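Accompanying notes for the structure given below.
The values are calculated or read from the model by the stated rules, or taken from the named source; none is laboratory data. Model, not experiment: these values are computed from the prediction. Neighbour counts run over all protein chains shown; Cβ positions are idealised from the backbone, glycine included. With ligands, DNA and RNA removed, areas are computed over all heavy atoms of the protein, side chains included. Shrake-Rupley method; radii C 1.70, N 1.55, O 1.52, S 1.80 Å.
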Amino acid sequence: MNSKTPDILAFSSENKREVLSQTQLDTLKDGTLQILQEVGVRFPSAKALDIFADHGADVDRNTQIVRISADLVDKALSTAPRSFILGGREPRFDLILDGKHSYLSTDGCGTRVIDLETRQERHSQKEDVARMARISDALPLIGFFWPLVSAQDHGLTAPLHECHAGLTNTLKHVRGGTTVFPELAPYLVEMATVVAGSDAERRKRPPICANICTIAPLAQDEHGIETALVFAEAGIPTSFMAMPTMGSTAPATPWGALVSGDAEVVSAMVLMQLAHPGAPVFHSIEVSLMHPRTGGYVTGVDFPFGTSTVQIAHNWNVPSLGGGGTSCDAKDIGWYSGSATGMGAAFIPVSGGEICGYLGMLDGSMLLYPEQIILDHELCYEVYQAYRELKFDEADLALDVIKSVGPGSHFLREKHTREHIRDFLLGPITEEIYLGDERRSSREVALEKFNRINDTHQPEPLPMEKLSELDRILAAADKEAARLQA
Amino acid sequence: MSEELIGKLKQAVIDGEPEDAEIFAKQALDQSVDPLDCINLGLTPGIQEVGELFSKGDYYLPELIIGADAMKAALDILEPALVSGQEREVVGRVVLGTVAGDLHEIGKTLVGTMLTANGFLVTDIGVDQNSEAFVAAIKENKADIVGASALLTTTMLQQKKLIEALESAGIRDSVKVMIGGAPVTDLYAQEIGADGYAEDAISAVDIAYRLMDAPV
């Protein structure tokens, strides 16, 4: 029997906190424009270089560096939509990226999994992606399914299989595209068309979007940027994510890292608009710190990066991916993961990013503990409740009930109590931790909850003919991948 | 007609409507419906269903309490009408109260409700009850179990005094003692010689079943 997928709960952005003044934002923007015009960004793609050259950018074919004038940046970005829809299987799962809502995403994309049965660490597989899509389908705060781990059992077409596992196991929007051989990108578009039902519907309510990472400092990936051009042509929204690391791939100051990452993202967005004006794009910068002794990747830096990056994105008049999230560097579930994810969750409403949250992963987004997504969801739910709109009705003072009960009695027998006691929704962890007299850890309760969803939640499947079509597309893509590898 | 009334009594308990339960109980007696049938076929299955709905998570404590209230409202009418020799089946007889010097009621009331919903006959003697009052109620109701609640570190000592009073009255061997309350622990229960300790109203039912040697 199929399960009902609950409606998505979105955070309101009305509690957004502005950490940067307009003057500071303008200074950052000027810095980005200066980098783009004077230093340039490396685009190792003949196709990209041709597009830039055709539109008057300064293109150096030898170094593959493109320098873009401020005028060209402004002209190109004027066609980028401020608002668009990320479609779900049904309209009630559509995400409207308009700056008024923050939708939570799962984290991605890791490579290691704590096995549900053996509890031993192993490489991630497509089966893990499918399972996490079903779990995410059942959790109302998750609006956007990002494959948490890679389908490493599928080689070159792993991203296509991750997309397939998402589309076939959740009714929610799927981040289905990432950097692949550009020859494989059309298969992802075809999968999106099958699920949407038509080319027009895919453009109107695209069931998948893509994320393409830039390469810090100031470079693009050949396959990434050419894949993005395929998606842009098809109207599939693409976020460009810069991941500058302070001290190694970026200056060792937050503003230096942000302006450098911004230049990478903006250069990619400009290319998309020059090639396909109006293509839906969104902006993302994830800043980290080089561990000063090991050189390792540290995401837990005490700086309001999430809030800043959202403001920077919105200053370019495009939606943002990022702004508060539960992702952290902890290697196991404990005090550190709890405090880091809790603090991250608390920043979601004050950052106001359109897609944020990044639930479910530890160890710098590389390691999946099954129960972590339940714990993260619970934390986010607490924050959601803390920021929900308060309704004030004089009748809710319940003076008549207080008068009726009087001093020294209780309210359990009152009809008013029965009518209102359900107004307070307890999260799954807090609800169950209070039941019974066993001493149980939150982690144990979370794992139990995970297993219960895993055993019982079966979202409405796609129609059989669409499933067959997706299988056919995957088989063709696998064949193409074999040809590319040969 | 009798089946219809018995069904209405059951539903009044499930819906938590004490006033309706009282009206239907009176109508049943007016129409000469066997009061024992009203209890065994109406009220008891009704309160059992309330218990099941609670176990499934559909009902909350307020529904449980009001269901027990509805059952009690009907029983107050029906039980006096039972003919000699008729007696409703119960798992055990329990006297409950909060000890002397302690005015806290809610925990004890919840335990009483849970026990009632699970087939016990509960006599609640209220709050601030000294050991003599407990002993008298135990004798009067032929209680199998006495439950003593204390919410204060200063009043939990009265639970020990109650056990001493039961020994003095020569009835310690005939009644099992359950204690509860926020400051009370299983260890304390063992130290003062109580037979059982329940952390909350739900576990109190398991303890009571165990003390009655009845299957849970």
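Backbone amide hydrogens, once placed in the peptide plane, bring A:Glu354 within less than 5 Å of A:Ser320, A:Gly322, excluding anything fewer than 5 places away on its chain. Between segment B:77-122 and segment A:61-130, the C-alpha centres lie 61 angstrom from each other.
Adding -39500 (n - 2.57) for every DSSP H run of four residues or longer, then dividing by how many residues the protein assembly as shown holds, sets the calculated 222 nm ellipticity at -14000 deg cm²/dmol.
When you have a sec, figure out the Kirkwood radius of segment A:335-400 from all distinct Cα pair distances and drop it here in Å to one decimal? Show your work: numbers first, answer last.
On the way: mean 1/r = 0.0728 Å⁻¹.
Across segment A:335-400, the inverse of the average 1/r is 13.7 Å.
Other residues whose C-beta falls under 14 angstrom from the C-beta of A:His55 contribute a net charge of -2, scoring Lys and Arg +1 and Asp and Glu -1. For chain A, the Cβ-based charge dipole about the Cα centre amounts to some 240 debye (Lys, Arg positive; Asp, Glu negative; other atoms uncharged).
Loop-resident trypsin sites (Lys or Arg not before Pro) (DSSP state other than H, G, I, E or B) in segment B:121-216 with no more than 14 further Cβ atoms inside 10 Å of their Cβ: B:Lys142. Projecting the Cα positions of A:Met269, A:Met361, A:Thr456 onto the charge dipole of chain A (unit charges on Cβ atoms of Lys, Arg, Asp and Glu, taken about the Cα centre) puts A:Thr456 furthest along the positive direction. Other residues lying with their Cβ under 9 Å from the Cβ of A:Ala242 contribute a combined charge of -3, Lys and Arg counting +1, Asp and Glu -1.
Charges were assigned to the Cβ only: +1 to each Lys and Arg, -1 to each Asp and Glu. The resulting dipole of segment B:2-81 about its Cα centre is roughly 140 debye. Under the criterion of Cα pairs below 8 Å and six or more residues apart, the relative contact order for chain A equals 19 percent.
In chain A, which longest range has no chymotrypsin sites (Phe, Trp or Tyr not before Pro) that are both DSSP loop (not H, G, I, E or B) and surrounded by at most 13 other Cβ atoms within 10 Å? Don't skip to the answer; put the middle values down first.
Values: sites that count: A:Phe392, A:Phe424, A:Tyr434.
No qualifying site falls inside A:1-391, the longest such stretch.
For segment B:93-211, a/c is less than 1.5, where a ≥ b ≥ c are the root eigenvalues of the C-alpha gyration tensor. That puts it in the rounded class.
Dividing the convex hull volume of the alpha carbon atoms of the protein assembly as shown by its residue count gives 206 Å³ per residue.
Annotation: lysines with alpha-carbon distance below 17 angstrom to A:Lys100 (same-chain offsets under eight excluded): A:Lys16.
Which of A:Ala486, A:Phe11, A:Gly334 sits farthest toward the positive end of the charge dipole of the protein assembly as shown, with +1 on the Cβ of Lys and Arg and -1 on the Cβ of Asp and Glu? With unit charges placed on the Cβ atoms, the residue in question is A:Ala486. Scanning residues 5 or more positions from A:Cys209 or on other chains, those with amide H under 5 Å from its amide H are A:Val174, A:Arg175, A:Gly176, A:Gly177, with H placed 1.01 Å from N in the peptide plane.
Note on segment B:2-81: Cα-Cα pairs beyond 16 Å make up 39% of the total pair count.
Could you compute the net charge surrounding A:Ala219? Neighbours are other residues with a C-beta less than 15 Å from the C-beta of A:Ala219; K and R count +1, D and E count -1. List each step's numbers first, then the result.
Values: positive: A:Arg42, A:Arg67; negative: A:Asp60, A:Asp221, A:Glu222, A:Glu226, A:Asp262, A:Glu264.
My count for the surroundings of A:Ala219 gives -4.
Summarising the strand pairing of segment A:196-341, around 20 percent of its internal DSSP beta bridges are antiparallel.
How about segment A:93-165: which trypsin sites (Lys or Arg not before Pro) there lie in a loop by DSSP and see at most 12 other Cβ atoms within 10 Å? Could the numbers behind the result be given before it?
On the way: sites: A:Lys100, A:Arg112, A:Arg119, A:Arg122, A:Lys126, A:Arg131, A:Arg134; in loops: A:Lys100, A:Arg119.
When the trypsin sites (Lys or Arg not before Pro) of segment A:93-165 are filtered for loop state and at most 12 Cβ neighbours within 10 Å, A:Arg119 remain.
Of the DSSP beta bridges with both residues in chain A, give the percent that are antiparallel, rounding to the nearest 5.
Details: 18 of 48 bridges.
Around 40 percent of the beta bridges assigned by DSSP in chain A are antiparallel ones.
A cut-off of 5 Å between modelled amide H atoms, ignoring neighbours fewer than 5 places along the same chain, links A:Ala250 with A:Thr245. Take every Cα pair under 8 Å whose residues are at least 6 apart in sequence, average their separation, divide by the length of chain B, and the relative contact order is 17 percent. Pairs over the 26 Å Cα-Cα cut-off, from the set B:Lys72/B:Lys108; A:Lys331/A:Lys479; B:Lys72/B:Lys142; B:Lys108/B:Lys160; A:Lys4/A:Lys331; A:Lys4/A:Lys449: A:Lys331/A:Lys479; A:Lys4/A:Lys331. What average number of partner chain Cβ atoms lie no more than 10 Å from the Cβ of the residues making up B:192-202? That average works out to 1.
Over segment B:2-81, calculate the relative contact order: mean separation of alpha carbon pairs under 8 Å at least 6 apart, over the residue count, as a percent. Spell out each step's value before the answer.
Values: 119 pairs, mean separation 36.2, N = 80.
Across segment B:2-81, relative contact order equals 45 percent.
Each residue of segment B:30-35 was assigned a 3J(HN,Hα) from its phi angle through the Karplus curve 6.51 cos²θ - 1.76 cosθ + 1.60 (θ = phi - 60°); the sequence is 4, 9, 6, 6, 4, x Hz, with glycine and proline shown as x. Under a model in which nothing but the beta-carbon of Lys, Arg (+1) and Asp, Glu (-1) is charged, segment A:361-429 shows a dipole of about 400 debye around its Cα centre. Solvent-accessible area of B:Leu157, all protein chains in place: 110 Å² (probe radius 1.4 Å, heavy atoms, ligands and nucleic acids excluded). The alpha-carbon of A:Lys403 sits under 17 angstrom from the alpha-carbons of these lysines, leaving out residues fewer than 8 places away in its chain: A:Lys415.
Determine the shape class of segment B:35-175: with a ≥ b ≥ c the square roots of the Cα gyration tensor eigenvalues, call it rounded for a/c under 1.5, and otherwise prolate if a/b is greater than b/c, oblate otherwise. All intermediate terms of the calculation are to be shown ahead of the outcome.
Values: a/c = 2.47, a/b = 1.41, b/c = 1.75.
Verdict is oblate for segment B:35-175.
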